[in-house]
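The values are calculated or read from the model by the stated rules, or taken from the named source; none is laboratory data. For clarity, every value in this text was computed on a predicted model and none was experimentally measured. Positions of Cβ are generated from backbone atoms using ideal geometry, with glycine treated the same way; all protein chains shown enter the neighbour counts. In case anyone asks, the SASA skips ligands and DNA or RNA and just uses the protein heavy atoms, side chains included. Shrake-Rupley method; radii C 1.70, N 1.55, O 1.52, S 1.80 Å.
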Amino acid sequence: MMGAVMDRYVLTLRCPDQPGIIRAFAEGVVQAQGNIVDNKQYSDPDTGTFSMRTEFDSPLADAGAVRSLIDEALAAYDVTITLRPESQRRRVLLMVSKADHCLLDLLYRWENGELPVDIPVIVSNHTDLQPIAERHGIPFVHVPVTRETKPAAEAQLLALVEEHAVDFVVLARYMQVLSDDLCSQLPGRIINIHHSFLPGFKGAKPYHQAHARGVKLIGATAHYVTADLDEGPIIEQDVTRVDHAWTADQLVAHGRDVERLVLSRAVARHAEDRVLMVGVRTIVFA
């Protein structure tokens, strides 16, 4: 294959753990004239689930044909597979309210090439951050939400997901609770950033609650959104130490820093197909 033009593919696989999976998969790669360049795997002893993420090169430019060869090789196994050309970037819809720190961080990393996604649209229930979207040349859609209009607003969101061929949604400090129905329609496709190292202080002014209790660590958690509020599978977490002399406003400032880092890591890992859900847990490959 020396000199041949090669396309790189990213594959994820989950199935009940059993002998022969890797051998069968490797045979599929051989049939696609491929060469494995990176492979990570994990067998979960609690659920008996085998998870794998693989990058391989192939001279076959037809992703459908490559997928057919892989599927045929693994026909004897009950596998769940994703496969995409590495050049085919995930498309993400960003949702925001009024806080701009997570949005600005994601856009900064996106413009610098650190975040391998396409951002076709930004949606908000307020217009405060519209100038930021416009500066970055990204369409901004204002979808106001009230108790009465919430079903219509979520229907509009789903229409935008379909219109823009969105792969996943990121709640970059979007301050509305999504309905159970919406969560069920986008399973494993909505990422939220929570302002605590879960479980933590819930409700209004969490950092002020933390300050009042004299906490020594604050943090943030990025997780998939499910019908159980803030209880979805965790993707990424981090913490920072707190000084007793800090004010509540200083806690807020440091908390924003952690939120930015945690959310950007989670979005990047999801976009690169490094996160596999196994029950209520996630397997995150470096």
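Once you reduce region 150-196 and region 1-41 to the center of their Cα atoms, the two points are 33 Å from each other. For the chain, modelled as a GNM with alpha-carbon contacts under 10 angstrom, which of A248, A220, A204 fluctuates the most? For the chain, modelled as a Gaussian network with Cα springs under 10 Å, the answer is A204. Stokes-Einstein diffusion of the chain at 25 °C, 0.890 mPa s viscosity, Kirkwood radius from Cα pairs, rounded to a whole number: 119 µm²/s.
With a threshold of 28 Å on the Cα-Cα distance, the over-threshold entries among K150/K205; K150/K216; K98/K150; K150/K202 are K150/K216.
Among A212, A245, A32, the largest mean-square fluctuation in a Gaussian network model of the chain, built with springs joining Cα atoms closer than 10 Å, belongs to A245. In the context of the full protein assembly, T282 retains an accessible surface of approximately 20 Å², using a probe radius of 1.4 Å and ignoring ligands and nucleic acids.
Quick one: pull the percent of accessible area on the chain belonging to carbon and sulfur, 1.4 Å probe, ligands and nucleic acids left out. That fraction is 51 percent. Taken over region 54-151, the convex hull of the Cα atoms encloses 170 Å³ per residue. Qualifying trypsin sites (Lys or Arg not before Pro) in region 133-175, where qualification requires a DSSP coil assignment and no more than 14 other C-beta atoms within 10 Å, comprise R147.
Tally Lys/Arg at +1 and Asp/Glu at -1 over every other residue whose Cβ is under 12 Å from the Cβ of D257; what's the total? Surrounding charge for D257 is -1. Size check on region 55-105: the Cα extents along the three principal axes, sorted descending, read 50, 27, 15 Å.
DSSP beta bridges fully contained in the chain are about 70 percent antiparallel. Tilt of helix 63-73 relative to the longest C-alpha principal axis of the chain, in degrees (0 to 90, nearest 10)? Once rounded, one gets 70 degrees. Antiparallel beta bridges, as assigned by DSSP with both residues in region 23-170, represent about 45 percent of the total such bridges.
Note on the chain: with a GNM built from Cα contacts shorter than 10 Å, the maximum mean-square fluctuation among P131, P120, P16 falls on P131.
Sorting L106, L83 on solvent-accessible area from highest to lowest, probe radius 1.4 Å, gives L83, L106. Think of each Lys and Arg Cβ as +1 and each Asp and Glu Cβ as -1; about the Cα centre, that makes the dipole of region 1-78 roughly 120 debye. Net charge of the neighbourhood of D128, taken over other residues with C-beta under 13 Å away and scored Lys/Arg +1, Asp/Glu -1, is 0.
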